[in-house]
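This report concerns only the one structure given below.
The values are calculated or read from the model by the stated rules, or taken from the named source; none is laboratory data. Note that this is a predicted model, so its numbers are computed, not measured. Counting neighbours? That spans all protein chains shown, and the Cβs are built from the backbone with ideal geometry, glycine included. For accessibility, only protein heavy atoms count, side chains too; no ligands or nucleic acids. Shrake-Rupley method; radii C 1.70, N 1.55, O 1.52, S 1.80 Å.
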Amino acid sequence: MTRCFASHSRLALLVPATLIFTCMSAAGAFAQMCPDKLYDPSLLEPNKEVSDRLTEKDIPTGQGGFARDYTMNMTEGDQVAIDLSSESFDAIVSLLAEDGSTVAENDDGPDGSTNSLLFARIAKTGTYIIRVRAFGETGVGTFKLKVTRLKPV
């Protein structure tokens, strides 16, 4: 009787564990098959203004606010001006390298407003991330973003 009970107990534990592992594997496979469901920043075209909206469904920053990412292919030696403006929130713009490191960041523009204007010279050819976010927990709302490639003098 004890041997039969022990055998059934192991089976009772094995079945749920197998189901959990199978479901976790399936979720991982789904994420790999559908990467756009997890993180898929929009591709920016240089010299074109984008009007968009920062929402509570965007990337949590860990500081109570949210961020939205865009990508742009840049070449070594490019000089760019990244202009971010919003009447809804205190805008911060960041330029991130492919490895996620911060290349440059700007909180407030030179005009004394809460808009952001960032100038950067690209040191290495690659795909860069332009991150739009609100200062702290200050909010969500509409914004305009434009990346301009500057011509060298």
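How many residues are more than 24 Å from Leu150 (Cα to Cα) and in contact with a Lys or Arg (Cβ under 7 Å, 6 or more places away or on another chain) if we restrict to the range 35-58? Spell out the reasoning first.
Taking the range 35-58 as the starting set, the residues that turn out to be more than 24 Å from Leu150 (Cα to Cα) are 35-40, 53-58.
Applying the additional criterion that residues be in contact with a Lys or Arg (Cβ under 7 Å, 6 or more places away or on another chain) yields 54, 58.
Adding up the residues that qualify gives 2.
Of the strands (runs of 3 or more DSSP E) lying entirely inside the range 86-153, those carrying at least 3 residues that are aliphatic (A, V, I, L, M) and either within 20 Å of Phe66 (Cβ to Cβ) or open to solvent by 30 Å² or more (accessible area, probe 1.4 Å) (or both) are 91-96, 126-134. Ser88 satisfies every condition listed in (1) within 18 Å of Tyr39 (Cβ to Cβ); (2) in contact with a Gly (Cβ under 6 Å, 6 or more places away or on another chain); (3) of a type in the set (Ser, Thr, Tyr) except (1).
Would you point out which residue out of Ala104, Ala120 is farther than 24 Å from Thr55 by Cα and in contact with a strand residue (DSSP E or B) (Cβ under 9 Å, 6 or more places away or on another chain)?
Ala120
If you go through the range 124-134 one residue at a time, do you hit one that is in contact with a Lys or Arg (Cβ under 8 Å, 6 or more places away or on another chain) and aliphatic (A, V, I, L, M)? The answer is yes, given that some residue of the range 124-134 is in contact with a Lys or Arg (Cβ under 8 Å, 6 or more places away or on another chain) and aliphatic (A, V, I, L, M). Number of residues in the range 37-81 that are in a loop (DSSP other than H, G, I, E, B) and farther than 19 Å from Leu118 by Cβ: the value is 10. Filter the range 56-78 down to residues that are within 13 Å of Ser94 (Cα to Cα) and out of contact with any Leu (no Cβ under 7 Å at 6 or more places or on another chain) and give me whichever is most open to solvent (accessible area, probe 1.4 Å). Of everything passing the filter in the range 56-78, Thr61 is most open to solvent (accessible area, probe 1.4 Å).
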